[in-house]
Amino acid sequence: MANHKSALKRIRQSRARNLRNRYYAKTMRNAVRKVRKMTDKAEAAEAFKKVSSMLDKLGRKHIISKNKAGNLKSKLALYINKLEG
């Protein structure tokens, strides 16, 4: 176990960040799932704006990689464009 004051602080910080990052990642996954279940194009397009913004933010903060954020946005956009009406 760590004995240095700084090491103990680092453990506390990393534990808090890990919990925060897990929360944001889970929220993002649920939002993406919700958009994928939508069948109304207008409603899905509106939700996509919010999800897209969330993905960009998480990519910037390195909670997910920028490429993953881009891939998810691309897949969601393709899905929404295929929807009828």
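Residues in segment 18-67 that are loosely packed, with under 12 Cβ neighbours inside 10 Å and hydrophobic (A, V, I, L, M, F, W, C) were compared, and the one that is farthest from Leu83 (Cα to Cα) is Leu19. Residue pairs whose Cβ atoms lie under 7 Å apart, sitting 6 or more positions apart in sequence or on different chains, and linking a residue in segment 8-22 that is assigned to a helix (DSSP H, G or I) to a partner that is not charged (D, E, K, R), are Leu8/Ala2; Ile11/Ala2; Asn21/Ile63. Scanning segment 45-77 for residues that are under 12 Å from Ala31 (Cβ atoms) and either touching a Gly at 6+ places or on another chain (Cβ under 7 Å) or small (Gly, Ala, Ser) (or both) yields Ala47, Ser52, Ser53.
Could we say that Lys5 is of a type outside the set (A, V, I, L, M, F, W, C), farther than 21 Å from Ser74 by Cβ and exposed (fewer than 15 other Cβ atoms within 10 Å of the Cβ) here? Lay out the reasoning, then the answer.
Working: of a type outside the set (A, V, I, L, M, F, W, C): yes; farther than 21 Å from Ser74 by Cβ: yes; exposed (fewer than 15 other Cβ atoms within 10 Å of the Cβ): yes.
Taking the combined requirement at face value, the residue satisfies it.
Where residues in segment 76-85 are of a type in the set (A, V, I, L, M) and touching a helix residue (DSSP H, G or I) at 6+ places or on another chain (Cβ under 8 Å), which of them is surrounded by the most Cβ atoms within 10 Å (Cβ to Cβ)? Outline the logic, then answer.
Initial filter on segment 76-85 (of a type in the set (A, V, I, L, M)): 76-78, 80, 83.
Adding the requirement that they be touching a helix residue (DSSP H, G or I) at 6+ places or on another chain (Cβ under 8 Å) leaves 76-77, 80, 83.
Details: Leu76: 20, Ala77: 13, Ile80: 18, Leu83: 14.
My answer is Leu76.
Taken over segment 20-50, the criterion of being within 11 Å of the chain's Cα centre (by Cα) and of a type in the set (Ser, Thr, Tyr) is satisfied by Tyr23, Tyr24, Thr27.
Lys73 meets each of the listed conditions (1) loosely packed, with under 14 Cβ neighbours inside 10 Å; (2) in contact with a helix residue (DSSP H, G or I) (Cβ under 9 Å, 6 or more places away or on another chain); (3) of a type in the set (D, E, K, R) apart from (1). Scanning segment 31-57 for residues that are within 14 Å of Ala69 (Cα to Cα) and of a type in the set (S, T, N, Q) turns up Ser52, Ser53. Looking at the structure I just gave you, is Met28 assigned to a helix (DSSP H, G or I) and either among the hydroxyl-bearing types (Ser, Thr, Tyr) or out of contact with any Phe, Trp or Tyr (no Cβ under 9 Å at 6 or more places or on another chain) (or both)? In short, yes.
Bear in mind these aren't lab numbers, they're just calculated from the coordinates by the rules spelled out. No experiment lies behind these values; they were computed from the predicted model shown. Using ideal geometry, Cβ is built from the backbone for each residue, glycine included, and neighbour counts are taken over all protein chains shown.
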